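See below for the structure under consideration.
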Amino acid sequence: MEYLKNKIKADGKLIGNSVLKVDSFLNHQLEPLFIQEIGREIARRYQKDEITKILTIEASGIAVALIVGLELGVPVIFAKKKKPLTMDEGYYSADVYSFTKEEHTNIAVSKAYLSSTDKVLIVDDFLAMGAASKGLVEIVRQADASLAGIGIVVEKAFQGGGEELRTNGIRVESLAKIQAFQNGEIIFD
Ligand code: 5GP
């Protein structure tokens, strides 16, 4: 998606040699019109898949997921990173290791919102090693729901998560795919 690549080139910042900072439009300050464009594109790619639920993870996946849900006319669930006391009727959970935060989190989704009759589209801002996506796939599996695929804003292909998911037969659509960071430059696919 050229629009997204141009935005990343203009406003993204490299941190070290593996992290892309997009705080000015996607991860901290949110640019609503930008997020609307990318959310619509993810929705367009899954338009014919009879999705019944969007599943993401808090916090930075929520804004994009909300637009996808709005476009497809379905509810959006975000996995919680800390199980609240109010989640008292049973929940699905999975362990996710974040290499950007260097910590393990047990994500949780209430059983009330995901069941075997659902067809789920997972949405997230980044795909790197694939831990977040795999945790969400695990939750879909626990619910015995079907998985239509994964919609990602930025895939860092050099970290291998996307390849592993695709090898396992999961459809992964990423709007921008980064092959490498080279001498401070972003090399897109
Ligand atoms: P993974 O679990 O695939 O290794 O990483 C995905 C998660 O880590 C995303 O939900 C995202 O929040 C965070 N993440 C991974 N790489 C980056 C990055 O380069 N920049 C930012 N801002 N977040 C990242």
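Data table
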| item | result |
| --- | --- |
| GNM top mover of LEU165, LEU85, LEU33 - the chain, alpha-carbon springs below 10 Å | LEU85 |
| Calculated P(r) tail over 21 Å for the range 1-131, as whole % of Cα pairs | 46 percent |
| Of all DSSP beta bridges in the chain, antiparallel share, percent nearest 5 | 45 percent |
| With every protein chain in place, the chain: carbon and sulfur % of accessible area (1.4 Å) | 48 percent |
| Highest-fluctuation residue, LYS156, LYS83, LYS48 considered, GNM on the chain with Cα pairs under 10 Å | LYS48 |
| Per residue, in Å², the accessible surface of the range 43-158 once ligands and nucleic acids are set aside, probe 1.4 Å | 48 Å² |
| Label-to-label distance, nm, for residues given as LEU85 and PHE158 (7 Å Cα→Cβ offset) | 4.7 nm |
| Top of LEU20, LEU136, LEU114 by mean-square fluctuation, Gaussian network on the chain, Cα under 10 Å | LEU20 |
| The chain, relative contact order [Cα under 8 Å, separation at least 6], % | 18 percent |
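The values are calculated or read from the model by the stated rules, or taken from the named source; none is laboratory data. The structure displayed is predicted, hence computed values, not measured ones. Positions of Cβ are generated from backbone atoms using ideal geometry, with glycine treated the same way; all protein chains shown enter the neighbour counts. Remember, those area values only see protein heavy atoms, side chains included, never the ligands or the DNA or RNA. Shrake-Rupley method; radii C 1.70, N 1.55, O 1.52, S 1.80 Å.
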